[in-house]
Amino acid sequence: MSEEKPGFGLSADVKSKLLNRLSAQMANRPAAGVAAVEAPAPVSSRPALGHPSVLEEIAMLRRAGDALGLESPFFRVNEGLPTPWSVIDGRRVLNFCAYNYLGLNGDPRVTAAANAAAERYGTSVSGSRIVSGERQVHRDLEAALAKVYQADDAIVLVNGHATNVTVISHLVGPGDAVICDALSHNSIIQGAQLAGAKRRSFLHNDLADLDRVLGEFGDTVKRRLVIVEGCYGMDGDAPDLAAMIPIIRRHRAHLMVDEAHGLGVLGERGLGVFEHCGVDPREVDVWMGTLSKTLATCGGFIAGSVEMVEYLRASAPGFLFSVGMPAPTAAASLEALRIMLAEPERMERLRTNGQVFVQAARAAGLDVGETLGRAIIPVIIGSSLRTTLVADRLWKRGIAAQPILYPGVPERSARLRFFVTSEHAPEDLRWAVSEVANALAEVGQTTPQALADLKTKLRK
Ligand code: PMP
């Protein structure tokens with residue numbers, strides 16, 4: 001039998017050309033005997049996928065980190081629960097990087113609820129809710145969330161970021177306007193972009209500017225959707241909802257509030273920014289929140305009128321064309337919400353801890369900005385280099401605090417962000433603040449030299 005038996009109908013000649021091409025591709029050189037037009041371009045001659053400015057920025061940060069001999073503060077591995085003392089990258093540290101605000105991730109009752117739902121329903125609902133993925137626990141969670149906001153109904157989606165993108169882009173469109181606070185989260189901006197609506201921002205928490213921006217539209221748009229956050233994730237401050245609502249009404253606008261960091265954090269009972277500001281939650285048209293912080297799992301939700309929720313349930317692409325929330329996730333968040341409402345002492349501890357940190361920080365001369373002193377407390381340093389150097393020193397002393405650099409925050413306002421939870425011990429908080437002050441003072445003396453070294457090394 002011939003050796004040249006043509007497998008898949010290929011002649012010996014074609015086979016040898018293919019082999020030749022494959023080995024040429026591996027060696028990144030042109031293949032002999034193969035027409036140039038057939039050969040794929042060598043990988044190196046094609047522009048890299050991705051946005052050039054972002055690729056450049058990542059490369060620059062890596063070079064700067066290498067030049068300074070710093071370990072990357074990103075993608076560190078937490079080896080257990082995100083508790084105040086955690087083992088991260090093999091090191092036992094005081095952890096300020098987790099938004100487990102009320103300590104409910106890891107609470108045995110929440111874990112048991114997830115386990116029971118996994119036993120009964122499995123780890124996935126194996127279908128979009130509309131076809132085969134509906135479970136009673138989804139409805140129970142939605143009813144419990146709607147109750148918090150005194151809303152007609154609520155809908156849960158599998159991801160918080162995607163909730164903003166799909167919902168905002170589905171509520172408004174071309175011919176409408178989205179007006180957001182200048183410090184809005186990326187998911188809000190992406191939702192507004194996808195909507196194709198006119199986009200404007202107003203100065204952070206500046207109601208006179210909001211009024212001005214709303215007034216500028218005149219009759220040029222059909223609907224105006226104002227979007228704010230209940231508690232800002234990089235600053236820990238909140239909008240004045242009570243003063244904002246009359247402005248919204250006067251301009252016949254709609255109001256959406258993203259409570260990702262507000263729920264469980266603001267207000268006596270942790271109901272969020274409406275409780276904090278003493279306003280009726282029914283004054284807000286669209287309540288959005290995430291399950292990933294206080295509610296200890298992941299996912300997003302929307303609460304509001306029955307018409308809006310029905311509309312989203314029937315047609316929001318990120319809901320309709322996506323799998324339903326896994327039952328263990330829904331069950332765990334439902335239990336976390338139940339505990340949050342039943343144990344207001346957790347909020348009390350969170351408030352006390354926040355005040356301990358803020359008072360100690362202010363006494364040490366640290367700049368904590370406009371934080372309300374609850375769960376999110378920035379220590380604003382300004383320069384990205386100093387912030388990175390301080391974070392590195394703290395890490396080496398057993399304190400994990402995330403450095404947040406431009407473009408995560410406006411230029412020259414780089415900071416360390418501390419997520420303070422109800423579970424931190426006040427003495428640990430005081431110790432952490434004193435270490436921040438020490439590290440900042442030490443780095444203040446070494447930064448000019450570090451900057452000069454960095455410039456020299458990066459020029460090489
Ligand atoms: N909105 C805000 C204000 C956020 O800070 C975040 C992220 N933390 C999201 C939405 C997205 O939520 P998730 O991380 O749960 O997807």
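The values are calculated or read from the model by the stated rules, or taken from the named source; none is laboratory data. Keep in mind that what you see is a predicted model, and the values were worked out from it rather than measured. We place every Cβ from the backbone using ideal geometry, glycine too, and count neighbours over all the protein chains shown. For accessibility, only protein heavy atoms count, side chains too; no ligands or nucleic acids. Shrake-Rupley method; radii C 1.70, N 1.55, O 1.52, S 1.80 Å.
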Residue list for segment 274-291, filter: hydrophobic (A, V, I, L, M, F, W, C) and either away from the ligand (no atom under 12 Å from the Cβ) or part of a loop (DSSP other than H, G, I, E, B) (or both) = F274, C277, V279, V284, V286, W287, L291
Failed item in (1) within 13 Å of the ligand (Cβ to nearest atom); (2) under 13 Å from A154 (Cβ atoms); (3) out of contact with any helix residue (DSSP H, G or I) (no Cβ under 6 Å at 6 or more places or on another chain), with L295 passing the rest = (3)
Residue check, F357 against (1) within 25 Å of N186 (Cβ to Cβ); (2) in contact with a Phe, Trp or Tyr (Cβ under 7 Å, 6 or more places away or on another chain), all met but one. Which one?
-> (1)
Going by the structure shown, is A432 under 22 Å from H261 (Cα atoms) and surrounded by 17 or more Cβ atoms within 10 Å (Cβ to Cβ)?
-> no
Of residues in segment 347-361 being of a type in the set (V, I, T) and in contact (Cβ under 8 Å) with a residue 60 or more places away in the chain, the one most open to solvent (accessible area, probe 1.4 Å) = T352
Per the list (1) within 19 Å of A151 (Cα to Cα); (2) away from the ligand (no atom under 13 Å from the Cβ); (3) open to solvent by 10 Å² or more (accessible area, probe 1.4 Å), residue check on V309 breaks on (3)
Of the numbered conditions (1) within 24 Å of the chain's Cα centre (by Cα); (2) over 30 Å from D209 (Cβ atoms); (3) more than 16 Å from the ligand (Cβ to nearest atom); (4) surrounded by fewer than 24 Cβ atoms within 10 Å (Cβ to Cβ), A331 fails exactly one; give the number of that condition.
-> (4)
If you take the residues in segment 161-174 that are open to solvent by 10 Å² or more (accessible area, probe 1.4 Å) and near the ligand (Cβ under 10 Å from one of its atoms), which one is farthest from V137 (Cα to Cα)?
-> V165
Flagged in segment 338-378 as more than 18 Å from A425 (Cβ to Cβ) and among the basic types (K, R), in numbering order, are R338, R362
Since S16 meets every condition but one in (1) exposed (fewer than 13 other Cβ atoms within 10 Å of the Cβ); (2) modelled with pLDDT of 90 or more, which condition does it not meet?
-> (2)
Considering only segment 201-210, state which residues are buried (at least 17 other Cβ atoms within 10 Å of the Cβ) and touching a helix residue (DSSP H, G or I) at 6+ places or on another chain (Cβ under 7 Å).
-> F202, L210
